[in-house]
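Asker: Below: one structure in structure tokens.
Just so you know, all these numbers are worked out from the coordinates, no wet-lab data involved. Everything numeric here is computed off the predicted structure, so don't read it as measured data. Note that we place each Cβ from the backbone using ideal geometry, even for glycine, and neighbour counts take in every protein chain shown.
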Amino acid sequence: AKLQQQILAYDEELDRKYQRRLSVVTELERMLLEERYEFSLHYQPKVNLQTGKVQSLEALLRWHSSELGFIPPDEFIVLAEHAGFINQITDWVVTQAISDLALLQSKDIPLSVSVNLSAQDVTNADLLANIQQQLNQQQVAEHSFAIEITESDLLKEPEKAIRCLMEYRQHGFEIAIDDFGTGYSSLAYLKSLPVNVLKIDKSFVLNLDQQQEDQQIVSSILELAKSFDLHVVAEGIESAESLALLHNWGCEWGQGYFISKPLSFTALLEWYEVHKD
Ligand code: C2E
Ligand code: CA
Ligand code: CA
Ligand code: CA
């Protein structure tokens, strides 16, 4: 009887998950069809750990649905990818990020912005042209715009992804490989990638101050990055102790709640005023 109860509970749980996914996808589709974007971008600063200066920003998508309330990107991005909506969403993100970049520039704030791309974005030839056109239109320099792509996304269609990323590099865009350390890519493969930044996955950084094993992993990634001449960002810095370790190991850039949470554009401007020097 106990097993039966467990099976029943398991079924209900699956059912709830399925229902939730269905309602999220349905809402997303309705919103996109009506071009009624309930999105906003939050910006999380990346700081130079050696000088303490703000270096750049990562754009992170937020969706406040009028029907469903706040839905985290970890929940809806995957669904959007599967449902074929990601290109439209990324177009919105890119447009918003570039118009915010133009605003920053008009306020003499010399920060660059990176945007997260999905696998399907990287191989979408229209996207690169669209980005260039908008940067041109808003008179924003190409070196102010950067992209982040996860290791696992790259591995979906590696040859095609590499070819597409090379085009981004040829146009001078900085490319970061996101969630590094989680995707099982070999060192030889890393060398063949046209990327110039490694972002150490936050799972290795969150408890860096307490976990000996994480310390070993992170310090070896830093060595590796140095030998490949790559810049490094450590993400998920939540404590002064972790920050100090990274600083001592010579890690170049850092990001995390200890430095700043992702901020609305207005909150970011206020944060910048206090932290710019
Ligand atoms: P990600 O690109 O790895 O982004 C880092 C995530 O870690 C963000 O979550 C950020 O808020 C969170 N984070 C930053 N610092 C800390 C910290 O110190 N501690 C902890 N615990 N977390 C920290 P968020 O904003 O919920 O985004 C989750 C994921 O959703 C992102 O992971 C990215 O994969 C995806 N995502 C977000 N925006 C976009 C977008 O515009 N396009 C695409 N394709 N994916 C996006
Ligand atoms: Ca990212
Ligand atoms: Ca991701
Ligand atoms: Ca990441």
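Asker: Would you please give the FRET efficiency between GLU142 and TYR18, computed as 1/(1 + (r/R0)^6) with r the Cβ-Cβ distance and R0 = 45 Å, to the nearest 0.05?
Answerer: Using R0 = 45 Å, I get an efficiency of 0.55.
Asker: OK, next. Which whole-percent values make up P(r) of the chain when all C-alpha to C-alpha distances are grouped in 10 Å steps starting at zero?
Answerer: 6, 27, 33, 24, 8, 2, 0
Asker: When 1/r is averaged over all different Cα pairs and the result inverted, which Kirkwood radius in Å belongs to the stretch 1-65?
Answerer: On the way: mean 1/r = 0.0631 Å⁻¹.
Computed over Cα pairs of the stretch 1-65, the Kirkwood hydrodynamic radius comes out at 15.8 Å.
Asker: Quick check: the distance between the Cα centres of the stretch 108-187 and the stretch 39-84, to the nearest angstrom?
Answerer: Cα centres, the stretch 108-187 to the stretch 39-84: 16 Å.
Asker: Using each residue's phi in the stretch 242-253, evaluate 6.51 cos²θ - 1.76 cosθ + 1.60 at θ = phi - 60° and report the 3J(HN,Hα) Karplus result to the nearest Hz, with x for Gly and Pro.
Answerer: Listing the rounded values in order: 5, 4, 5, 4, 4, 4, 5, 7, x, 4, 6, 10 Hz.
Asker: Kirkwood Rh over Cα pairs of the stretch 1-131 into Stokes-Einstein at 37 °C, 0.692 mPa s: D in µm²/s?
Answerer: Estimated diffusion coefficient is 191 µm²/s.
Asker: Tell me which GluC sites (Glu not before Pro) from the stretch 13-92 have a DSSP coil assignment and no more than 12 other beta carbons within 10 Å of their own.
Answerer: Working: sites: GLU13, GLU27, GLU29, GLU34, GLU35, GLU38, GLU58, GLU67, GLU75, GLU81; in loops: GLU34, GLU35, GLU38, GLU67.
Those that pass, being in a loop and sparsely packed, are GLU34, GLU35, GLU67.
Asker: In addition: Residue by residue through the stretch 168-183, what is 3J(HN,Hα) from phi via Karplus (6.51 cos²θ - 1.76 cosθ + 1.60, θ = phi - 60°)? Round to whole Hz and write x for glycine and proline.
Answerer: With the stated coefficients, the stretch 168-183 comes to 4, 5, 4, 8, x, 7, 6, 10, 10, 8, 8, 6, 5, x, 9, x Hz.
Asker: Set the Förster distance to 35 Å, then compute FRET efficiency between ALA125 and GLU213 from the Cβ-Cβ distance, nearest 0.05. Write out the running numbers ahead of the final one.
Answerer: Numbers: r = 42 Å, r/R0 = 1.20.
E(calc), rounded to 0.05, equals 0.25.
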